[in-house]
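*Asks:* Have a look at this one before I ask anything.
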Amino acid sequence: MSGEQDELTKLLGRIADSLERIAPPAPAPADIASADAFIWRPSPPGLQPVSAVNRVDMVLLKGIDRARDLLIENTERFARGLPANNALLWGARGMGKSSLIKASHATVNQTLIADGARPLKLVEIHREDVETLPVLMALIRDVPERFLIFCDDLSFDFDDTSYKSLKAVLEGGIEGRPDNTLFYATSNRRHLLPRDMMENERSTAINPSEAVEEKVSLSDRFGLWLGFHKCSQDEYLDMIRGYAGHFGLDVVPETVERDALEWATTRGSRSGRVAWQFIQDLAGRLGVPLKAAR
């Protein structure tokens, strides 16, 4: 009998060792002090520090003054431990939605550092990794720093059910969103779902209103909605002048404005992104590196 027990004990030991080898590794503790911005990598779970964030200076973001003021105020309240809302920045392409989030993070951190407070951490999560948000939040839940989690170009298609995970994480889960995290997202879609998907739900569901409501309720988890619309010609030219002055490009204003309008016409739109692309082309033709003028 004793021999059988010994064999059973050895067998159980081998099974335990095998399970330990195939089990996913525990999330590595992040060196939060190493940077103010990170990218979430879900496999293996961890935060990758970003030494230099690809961002545009706040002064260069034109035509979005109201959205700028509201987002900075909301971000600073959260960074100081006060109530704040998850934010959805939606609307026209290339109008500075993601740029505003990154610029707001930098602006708020300048104020916090000047006051001797802890800087706010920015964590970017890719759209395809949204389902791993619970793992990320578990990793940072008990960290003293505060985290702004940012997802760019968030949207969901017909057969995508990961939006349910996001709903639960933002508001509805049993644990709820950690007090030290806030979620910002950008999207070209106001309700994060394509219009034809919502219309299909209405036409095929037994109770159309309930079917659509269940999907639209995702955007309700964002307490702050900021809309971005196509810019006017004057706003577009204001962006061009702002960039040219910021980078010290020695140009004739009338000529640059004419060329900038022609550039926008060839692309069929006016936006902050189109203005930046024109400035890059202009600086290249002038042989001028794009460094801020001092």
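*Asks:* Kindly indicate which of Arg41, Arg68, Arg14 is modelled with pLDDT under 90 and open to solvent by 50 Å² or more (accessible area, probe 1.4 Å).
*Replies:* From the options Arg41, Arg68, Arg14, the qualifying one is Arg14.
*Asks:* Also, I was wondering about something else. Residues of region 44-92 being in a loop (DSSP other than H, G, I, E, B), among the basic types (Lys, Arg), free of Cβ contacts under 8 Å to residues at least 60 places away in the same chain and within 28 Å of Gln277 (Cβ to Cβ), which ones?
*Replies:* Arg55
*Asks:* From Leu182, Leu226, Leu218, grab the single residue that is in a helix (DSSP H, G or I), closer than 15 Å to Ala87 by Cα and either under 25 Å from the mean Cα position of the chain (by Cα) or at pLDDT below 60 (or both).
*Replies:* Being in a helix (DSSP H, G or I), closer than 15 Å to Ala87 by Cα and either under 25 Å from the mean Cα position of the chain (by Cα) or at pLDDT below 60 (or both) holds for just one of Leu182, Leu226, Leu218, which is Leu218.
Matching residues to (1) in contact with a strand residue (DSSP E or B) (Cβ under 7 Å, 6 or more places away or on another chain); (2) more than 30 Å from Lys62 (Cβ to Cβ); (3) surrounded by 21 or more Cβ atoms within 10 Å (Cβ to Cβ):
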residue: Leu88; (1), (2), (3): yes, no, yes
residue: Met95; (1), (2), (3): yes, no, yes
residue: Val108; (1), (2), (3): no, no, yes
residue: Leu122; (1), (2), (3): yes, no, yes
residue: Ala138; (1), (2), (3): no, yes, no
residue: Asp152; (1), (2), (3): yes, no, no
residue: Ser162; (1), (2), (3): no, yes, no
residue: Ser165; (1), (2), (3): no, yes, no
residue: Glu171; (1), (2), (3): no, yes, no
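*Asks:* Follow-up question, since we're still on this one. Could you tell me which numbered condition Gly176 fails, if it satisfies all but one of (1) at pLDDT below 60; (2) at positive phi; (3) not hydrophobic (A, V, I, L, M, F, W, C)?
*Replies:* (1)
The values are calculated or read from the model by the stated rules, or taken from the named source; none is laboratory data. Nothing here was measured: the structure is a model prediction, and the numbers come from that model. Ideal geometry is used to build each Cβ from the backbone, glycine not excepted, and the neighbour counts take in all protein chains shown. Note: areas computed on protein heavy atoms with side chains; ligands, DNA, RNA excluded. Shrake-Rupley method; radii C 1.70, N 1.55, O 1.52, S 1.80 Å.
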